[in-house]
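To start, the structure itself, in structure tokens.
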Amino acid sequence: MKTYLIILLCLTISEGFAAEVNYTIHGDGDKKVIVLHSWMDDYESWKPIIPHLDLQQHSYAFIDVRGYGKSKHIKGQYTSDEIANDIFKVADALGWKEFYLVGHSMSGMAVQKAALLDTSSRIQKIVAVTPVSSAGFPVDDKTLKFFKAIVQNEEVANQAFRAFTSNRLS
């Protein structure tokens, strides 16, 4: 197991649009890291950690996946397979031949699927934070209806967010 000391030394921020999804770059180091947010979040959810990242040795591409944040308007299938493919499209647009990958929750599933697609061994390491299994998880009709309501109804989404966080973040 490796341990890393993370120190804030500089801050370089740029925004981009590649492969139909938006991303924000922090840092200008040689080690490339693609970071994806969880369900019901976007790139903004990662902002609290940015001051603690080593931005001289690493370049971080924080992606807003389709349907979220600055990629909210972008149409697609909205599947983990599509997210996995978009990861490589962003890496290609940035000219990153090799990169590290971080995914949280639903994006944890997408980074697992990206690993399965990585026939050229471009992904150096993966960190999946509380990931959903790459096989997904079965739900009954009532649960499926609830999850669909979350993405279609802002009031239901707010109720779900409060329930999922035990009202800590509302």
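Laid out as a table, the results:
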| read-out | value |
| --- | --- |
| One residue from I49, I83 being assigned to a helix (DSSP H, G or I), under 29 Å from A160 (Cα atoms), among the aliphatic types (A, V, I, L, M) and in contact (Cβ under 8 Å) with a residue 12 or more places away in the chain | I83 |
| Scan of the range 86-105 for residues that are hydroxyl-bearing (S, T, Y) and either in a loop (DSSP other than H, G, I, E, B) or within 11 Å of the chain's Cα centre (by Cα) (or both), ordered by number | S105 |
| Filter result for the condition that a residue is acidic (D, E) and crowded, with 19+ Cβ neighbours inside 10 Å, over D118, D86, D92 | D86 |
| Residue list for the range 106-150, restricted to those being more than 13 Å from S38 (Cβ to Cβ), of a type outside the set (F, W, Y) and in a loop (DSSP other than H, G, I, E, B) | D118, T119, S120, S121, R122, S133, S134, A135, G136, P138, V139, D140 |
| Verdict on L11 being at pLDDT 80 or above, in a loop (DSSP other than H, G, I, E, B) and more than 28 Å from N158 (Cβ to Cβ) | no |
| In the range 52-80, residue nearest to W39 (Cα to Cα) [restricted to those that are assigned to a strand (DSSP E or B) and open to solvent by 20 Å² or more (accessible area, probe 1.4 Å)] | Y60 |
| Failed item, numbered, when A110 is tested on (1) in contact with a Ser or Thr (Cβ under 6 Å, 6 or more places away or on another chain); (2) open to solvent by 80 Å² or more (accessible area, probe 1.4 Å); (3) under 17 Å from F88 (Cα atoms) | (2) |
| Residue check, L144 touching a residue at least 24 places away in the same chain (Cβ under 8 Å) and more than 14 Å from the chain's Cα centre (by Cα) | no |
| Selection from the range 19-37 of residues that are of a type outside the set (D, E), at pLDDT below 95 and surrounded by fewer than 20 Cβ atoms within 10 Å (Cβ to Cβ) | A19 |
| Pick from the range 38-48, criterion of a type outside the set (A, V, I, L, M, F, W, C) and within 15 Å of K70 (Cα to Cα), ranking: modelled with the lowest pLDDT | D41 |
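The values are calculated or read from the model by the stated rules, or taken from the named source; none is laboratory data. Being a predicted model, the structure only gives us computed values, none of them experimental. Using ideal geometry, Cβ is built from the backbone for each residue, glycine included, and neighbour counts are taken over all protein chains shown. Surface accessibility is based on the protein's heavy atoms, side chains included, excluding ligands, DNA and RNA. Shrake-Rupley method; radii C 1.70, N 1.55, O 1.52, S 1.80 Å.
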